[in-house]
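K.L.:
Quick one: the structure is below, questions incoming.
The values are calculated or read from the model by the stated rules, or taken from the named source; none is laboratory data. These numbers were taken from a predicted model, which means no experiment stands behind them. When we count neighbours, we look across all protein chains shown, and the Cβ atoms used for this are built from the backbone with ideal geometry, even at glycine.
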Amino acid sequence: MRAAAFFCLLLFAVLALSWALPHTYGLIFVKPIEKTQLFYSPKLSRCIFTEQIRGNDPEAAKKSEGHHSDIVYKDELGNYYDRLAFEAALPFIYYRNMEMRGMLPVSVDGKTYDRRAIEKARRVLELRSSSLDGHSLRTSCLPLIESNPGQMALLYPDDRFRLTREKMEFINADKNAEDKVLSERFTDALKSQGFTFPAMHVGGNFTNFKPYEGGIFLTDATGGLFHLLRRDGAPVCKKIPLPDGVIPRHVLVSEARERMWLGLVLDDRDRIWLMREGDNALIGLHTEGYRPFDMDFKLIFNPAFMTAVYSDARRIQARVFSLPDPACANGTRLMPFHSYARTMSRAAESVETHLADILFPFTISLTSEISNRISFSLTPSGHVLQAVILSLLLALFYLLYERRRSSLDGWKTMGALFICAAGVYALIPLLLLEEQN
């Protein structure tokens, strides 16, 4: 009984310390570094980026003129820029600053763009890994906003809907009771278009801070995609024709005033499709190396081209595409005319991170950049051999300490084995427990 209690207490202490010690060490000693910002420059015809660095870069310090010397502005060829030159290379990103400096309109590939043209074309579609089903907490009751509200502003309805295994169920928010008439009407509308319950995914922009209501998209049990709109209180439903081999996994809806592209579709083969407004045709983007459950994805539009940027915790990539023809056929796949990838500065090892890898043989984490849920993960040291050597030395120190203090026995030997496996995480509670005895 005593052995079981000792073992449980020690195991609990090891688990707690393997989260607390690396977390505390990181807060005190490791400088937090945000992700690199990567763009394609129409002026340079190459990718250009800005990032924060851990150490010192003399060339970056020279360009910063003493201000924020840890911020680097570079291009893919290794050329350095100061902040003003960096902004001038990205006129579609920093167009407000360009206008203030009298540098608009700007000419790109023989075409001239003023602020109005840039603002009209500027748009960003962002698909975060943390928003995907399985990585985020799903809201069971959602609003289906009226698309024809009879006024300029969109209004939230008095009801919410949820998807059960058999139907689309509407709940009156004031009475907290099902509106059976509305439930039957919308369920029948879906079934009339061939929808098979249960729904596997629902995608929509569930806010009234948008220029219009584009409706919601539902994936049914067979992998079909359906568009559902609420117009004058009645359902407007249609099945979306999908290209061969496309089974939607996630739909990102983002309404914009230009009403050209309604959002993005992620399919079950990790491919990204741009969804056209109106006929909901899907235009594919060739994004090699994109892993949706590990990476955040961003599609940046401007008047001349669009840039897909996606990254995990260490590496960032960009693919640059010509703007698609508004009349291109459903299922068209676009190839990039320029690509670039790099390891971000945040992934570079420093003295502090190297020391942490030696001190801590593994790390337990309860949070993740790619998920909004509490996620338990155990990450081994990046320098396993050095961490093992330190653990063996700590075990030897423990045995010598106990031998001088009293004598060695089976308990002490078992404690040394724990230290060999868990290093400092086991040494600390063992020493504290010995002090209590």
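K.L.:
Please specify each residue of the stretch 284-297 satisfying the condition of being crowded, with 18+ Cβ neighbours inside 10 Å and not β-branched (Val, Ile, Thr).
P.N.:
Gly284, Leu285, Tyr290, Pro292, Met295, Asp296, Phe297 - these are the residues of the stretch 284-297 that are crowded, with 18+ Cβ neighbours inside 10 Å and not β-branched (Val, Ile, Thr).
K.L.:
Can I ask one more? Filter the stretch 171-196 for residues that are more than 35 Å from the chain's Cα centre (by Cα) and part of a loop (DSSP other than H, G, I, E, B); which is farthest from Leu144 (Cα to Cα)?
P.N.:
The qualifying residue farthest from Leu144 (Cα to Cα) is Lys175.
K.L.:
Give the residues of the stretch 257-271 that are among the basic types (Lys, Arg) and more than 17 Å from Leu242 (Cβ to Cβ), sorted by residue number.
P.N.:
Arg257, Arg259
K.L.:
To continue, here is another question. For Gly263, which of the numbered conditions (1) closer than 21 Å to Lys210 by Cβ; (2) in contact (Cβ under 8 Å) with a residue 24 or more places away in the chain; (3) assigned to a loop (DSSP other than H, G, I, E, B) fails to hold?
P.N.:
(3)
K.L.:
Confirm whether Leu334 is aliphatic (A, V, I, L, M), farther than 30 Å from Phe49 by Cα and either at pLDDT 95 or above or exposed (fewer than 12 other Cβ atoms within 10 Å of the Cβ) (or both).
P.N.:
So Leu334 fails the test.
K.L.:
Can you give me the number of residues within the stretch 380-400 that are surrounded by fewer than 15 Cβ atoms within 10 Å (Cβ to Cβ) and assigned to a helix (DSSP H, G or I)?
P.N.:
8
K.L.:
Just to check your reading of the model, which residue among Met275, Met306 is at pLDDT 95 or above and over 21 Å from Phe49 (Cβ atoms)?
P.N.:
Result: Met275 is the single residue among Met275, Met306 that is at pLDDT 95 or above and over 21 Å from Phe49 (Cβ atoms).
K.L.:
What single numbered condition from (1) in contact with a strand residue (DSSP E or B) (Cβ under 9 Å, 6 or more places away or on another chain); (2) surrounded by 13 or more Cβ atoms within 10 Å (Cβ to Cβ); (3) hydroxyl-bearing (Ser, Thr, Tyr) fails to hold for Ser377?
P.N.:
(2)
K.L.:
I've got another one for you. For the stretch 232-253, which positions are part of a loop (DSSP other than H, G, I, E, B) and crowded, with 18+ Cβ neighbours inside 10 Å?
P.N.:
Hits for the stretch 232-253 are Leu242, Val246.
K.L.:
Just the residues that are small (Gly, Ala, Ser) and under 16 Å from Phe29 (Cα atoms), please, taken from the stretch 348-365.
P.N.:
Across the stretch 348-365, the qualifying residues are Ala348, Ser350, Ala356.
K.L.:
Just the residues that are closer than 30 Å to Tyr25 by Cβ and free of Cβ contacts under 8 Å to residues at least 60 places away in the same chain, please, taken from the stretch 335-347.
P.N.:
Scanning the stretch 335-347 gives Thr343, Ala347.
K.L.:
Sort out which residues of the stretch 197-214 are over 24 Å from the mean Cα position of the chain (by Cα) and within 28 Å of Ala153 (Cα to Cα), and write them in order of number.
P.N.:
Those that are over 24 Å from the mean Cα position of the chain (by Cα) and within 28 Å of Ala153 (Cα to Cα): Pro211, Tyr212, Glu213.
K.L.:
So is Gly203 within 30 Å of Asp294 (Cβ to Cβ) and either among the small types (Gly, Ala, Ser) or surrounded by 17 or more Cβ atoms within 10 Å (Cβ to Cβ) (or both) or not?
P.N.:
Answer is yes for this residue.
Quick grid of which residues meet (1) part of a loop (DSSP other than H, G, I, E, B); (2) touching a Cys at 6+ places or on another chain (Cβ under 9 Å); (3) modelled with pLDDT of 95 or more:
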| site | (1), (2), (3) |
| --- | --- |
| Leu10 | no, no, no |
| His23 | no, no, no |
| Tyr40 | no, yes, yes |
| Phe92 | yes, no, yes |
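K.L.:
Conditions: (1) surrounded by 19 or more Cβ atoms within 10 Å (Cβ to Cβ); (2) in contact with a Gly (Cβ under 9 Å, 6 or more places away or on another chain); (3) more than 30 Å from Phe293 (Cβ to Cβ). Leu433 meets all but one. Number of the miss?
P.N.:
Here Leu433 meets the rest and fails (1).
K.L.:
Would it be correct to say that Leu378 is out of contact with any Gly (no Cβ under 7 Å at 6 or more places or on another chain) and closer than 17 Å to Ser18 by Cα?
P.N.:
Yes.
K.L.:
Does any residue of the stretch 351-362 turn out to be under 25 Å from Asp268 (Cβ atoms) and not in a strand (DSSP E or B)?
P.N.:
Within the stretch 351-362, not a single residue is under 25 Å from Asp268 (Cβ atoms) and not in a strand (DSSP E or B).
K.L.:
Of everything in the stretch 200-217 that's of a type in the set (A, V, I, L, M) and touching a Phe, Trp or Tyr at 6+ places or on another chain (Cβ under 9 Å), which residue is nearest to Lys239 (Cα to Cα)?
P.N.:
Ile216
K.L.:
On to the next question. Between residues in the stretch 79-96 that are touching a residue at least 40 places away in the same chain (Cβ under 8 Å) and residues that are of a type in the set (Ser, Thr, Tyr), which pairs lie under 6 Å by C-beta distance while being six or more apart or on different chains?
P.N.:
Ala89/Ser41; Leu90/Ser41
K.L.:
Let me ask something else. Test Arg46 against the criterion of being basic (Lys, Arg) and either buried (at least 20 other Cβ atoms within 10 Å of the Cβ) or free of Cβ contacts under 8 Å to residues at least 60 places away in the same chain (or both), and give yes or no.
P.N.:
no
K.L.:
If only one of Arg276, Arg291 is closer than 16 Å to Leu125 by Cβ and basic (Lys, Arg), which one is it?
P.N.:
So the residue among Arg276, Arg291 that is closer than 16 Å to Leu125 by Cβ and basic (Lys, Arg) is Arg276.
K.L.:
Let me ask another. Are any of the residues in the stretch 412-434 charged (D, E, K, R), at pLDDT below 80 and over 47 Å from the mean Cα position of the chain (by Cα)?
P.N.:
no
K.L.:
Find the strands (runs of 3 or more DSSP E) located wholly in the stretch 94-170 whose residues include 1 or more that are in the same structural domain as Leu218 (by TED's automatic domain parsing) and buried (at least 18 other Cβ atoms within 10 Å of the Cβ), and list them.
P.N.:
Those strands (runs of 3 or more DSSP E) span 123-127, 159-163.
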